[in-house]
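Engineer: Handing you this structure, nothing more for now.
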Amino acid sequence: MKSFIKYSKDSHFPIENIPFGVAFLNGNKVIVTAIGDNVLDLNMLDSEGLIFKDKKVFQSDTLNEFMGCGKKVWTEARNRIQELLGAENPELRDNKNLRDRCFHLMKDVEMVLPVNIGDYTDFYSSREHASNVGEMFRGKENALMPNWLHIPIAYHGRSSSIIISGKDIRRPKGQTRPDPNAAPVFGASKQMDFELEMGFFIGTGNKLSESINVDEAEGHIFGMVVVNDWSARDMQAWEYQPLGPFLAKNFATSVSPWVVTLDALEPFRTEGPVFEKELLPYLQTKGNPTFDINLEVMMKSEKMEEAVTICKSNYKYLYYNMSQHLAHHTVNGCNTRTGDMLASGTISGPTKDSRGSMLEITWRGTEPIKLPSGEERKFIEDGDTVIMTAYSKGKEYTIGFGEVKAKLLPARF
Ligand code: MN
């Protein structure tokens, strides 16, 4: 495919991508896509009748309405946008007046949360992450709980604190028990961490008491984003038993602004891991049920000019895939709704440099990392910026997610 818009081979947003987002343009929130270094106003193209002849799908300030239209409409809309951006198509290419109004430079555009997110569920689907954390919190013998190889583990998160990339976050305060032989104390978390995750949005959900079949799950998934599930490890260690994480996780979750569709990721389909224990039939997936998506975490302290890479992982390392997440989530009849977000859990890989959290990278602070500035880090310090990115690399082009970025501000008392 070739567009009349020029971009480099490494651009995250070639014509083959066509992600969806929401931008602040001229004081309004409007649905947009990205191509090269540009943001394209889809609300405007839609108003001009250039997307569909018989209906309008981008006249909203969130993606929810479009997401609720279903897979057929998502695919048709994306195909039509690709057609409009095609090098040989004069409709937009030769309409200078419209082009001047609907294209904006990405660097000048403020992106907002693209989806009105209803419920948020966070899985725990990386075997390496679960094993590492389990070993640190409970010892090597009890690292992986006996249920883990049979059932995708998750907890219900909090959607109110999901924020768009670029918004700074505040160090949380709470209870911790630094000395296991003394009473708990109150104060700012001393073990602030990131979690490298990916999330997907439900496009079309399911009715209460009905389930989504694992073979049909992908048809319900609108697209994916990069997720930084901020975590306060000292608060988590004290509060997590017996009901799981609570205040250690729900103070902020950052997401990248561009929702990349499964259609765009299709060429990067790959096989999943070998399942050590045979899964129950409702969790068995066929073919290549996951995607090869490179993941990177970068960090920058206030003393550094440029961010440094501290983790390289891949989405394909996950033990449980998206179809299994959705089939499992609904197997009991739990209904999901348009705009719900299901995140993967921290995506750690098999090697040391693919650990997706500071907890694992520094082994709970016992092996600090050295930054190029000479500073040491056990966890995230005030003023540090954490940046995550994701991309699938093809021969001819890259399908990217852009980045999710946030700076940690000191606790407020
Ligand atoms: Mn998480």
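Engineer: Please give the length that would be gained between residue 335 and residue 96 if that part of the chain were fully extended, namely 0.36 nm times their separation in residues minus their C-alpha to C-alpha distance (nm, one decimal). Provide the component values of the computation, followed by the final result.
Structural biologist: Working: separation 239, 0.36 × 239 = 86.04 nm, distance 4.66 nm.
My answer for the length gained is 81.4 nm.
Engineer: Placing +1 at every Lys and Arg Cβ and -1 at every Asp and Glu Cβ, with all other atoms neutral, what dipole size does the chain have around its Cα centre, in debye to the nearest 20?
Structural biologist: In total the dipole reaches around 400 debye.
Engineer: Okay, next question. What is the order of 102, 334, fewest Cβ neighbours within 10 Å to most?
Structural biologist: In increasing order of surrounding Cβ atoms, one gets 334, 102.
Engineer: With springs connecting C-alpha atoms under 10 Å apart, model the chain as a Gaussian network and identify which of 166, 139, 118 has the largest mean-square fluctuation.
Structural biologist: Result: 139 has the largest fluctuation of those listed.
Engineer: Same structure again: Pick from 71, 173, 107 the residue whose mean-square fluctuation is largest in a GNM of the chain, springs joining Cα atoms under 10 Å.
Structural biologist: Highest fluctuation of the listed residues: 107.
Engineer: Using the alpha-carbon centroid of each, what span in Å lies between the stretch 348-400 and the stretch 167-218?
Structural biologist: 19
Engineer: How do 249, 72 rank when sorted from fewest to most other Cβ atoms within 10 Å of their own Cβ?
Structural biologist: 72, 249
Engineer: Could I ask something else about it? Nearest 500 deg cm²/dmol is fine: what mean residue ellipticity at 222 nm does the chain get from its DSSP H runs of n ≥ 4 alone, each adding -39,500 (n - 2.57), divided by its residue count?
Structural biologist: Rounded to the nearest 500, the figure is -4500 deg cm²/dmol.
Engineer: Per the Kirkwood treatment, what hydrodynamic radius in Å, one decimal, follows for the chain from the mean inverse distance over all distinct Cα pairs?
Structural biologist: Working: mean 1/r = 0.0453 Å⁻¹.
Computed over Cα pairs of the chain, the Kirkwood hydrodynamic radius comes out at 22.1 Å.
Engineer: Determine the shape class of the stretch 320-387: with a ≥ b ≥ c the square roots of the Cα gyration tensor eigenvalues, call it rounded for a/c under 1.5, and otherwise prolate if a/b is greater than b/c, oblate otherwise.
Structural biologist: It comes out prolate by the Cα gyration axes.
Engineer: Explain nothing, just the number: relative contact order of the stretch 51-183, from Cα pairs under 8 Å at least 6 residues apart, as a whole percent. Show your work: numbers first, answer last.
Structural biologist: On the way: 79 pairs, mean separation 25.7, N = 133.
With pairs under 8 Å counted, the relative contact order is 19 percent.
Engineer: Moving to a separate point now. Please compare each pair in 9/72; 167/370; 2/393; 56/207; 167/393; 55/167 to a cut-off of 23 Å on the Cα-Cα distance and tell me which ones are over it. Can you show the working numbers first?
Structural biologist: On the way: 9/72 29 Å; 167/370 26 Å; 2/393 17 Å; 56/207 26 Å; 167/393 28 Å; 55/167 35 Å.
Violating the 23 Å limit, Cα to Cα: 9/72; 167/370; 56/207; 167/393; 55/167.
Engineer: Given the stretch 238-377, report the % of alpha carbon pairs whose separation exceeds 23 Å.
Structural biologist: Across the stretch 238-377, Cα pairs with separations above 23 Å total 51 percent.
Engineer: Can I ask one more? For the stretch 107-188, what percent of Cα pairs sit more than 19 Å apart?
Structural biologist: For the stretch 107-188, the fraction of Cα-Cα distances above 19 Å is 65 percent.
Engineer: Sorting 55, 167, 316 on the 10 Å Cβ count, fewest up front, what's the list? Spell out each step's value before the answer.
Structural biologist: On the way: 55 10, 167 13, 316 21.
Placing the least packed residue first, the sequence is 55, 167, 316.
Engineer: Would you look at the GNM of the chain, springs on alpha carbons closer than 10 Å, and say which of 99, 138, 158 moves the most?
Structural biologist: With Cα springs under 10 Å in the chain, the top fluctuation among 99, 138, 158 is at 138.
Engineer: If you don't mind, another one. Determine the equivalent ellipsoid of the stretch 21-112 by diagonalising the alpha-carbon gyration tensor, then write out the semi-axes as square roots of 5 times the eigenvalues, largest first, rounded to whole Å.
Structural biologist: 19, 18, 11
Read-outs throughout are calculated quantities, based only on the coordinates presented, and are distinct from any laboratory measurement. This is a predicted model, so every value here is computed, not measured. Using ideal geometry, Cβ is built from the backbone for each residue, glycine included, and neighbour counts are taken over all protein chains shown.
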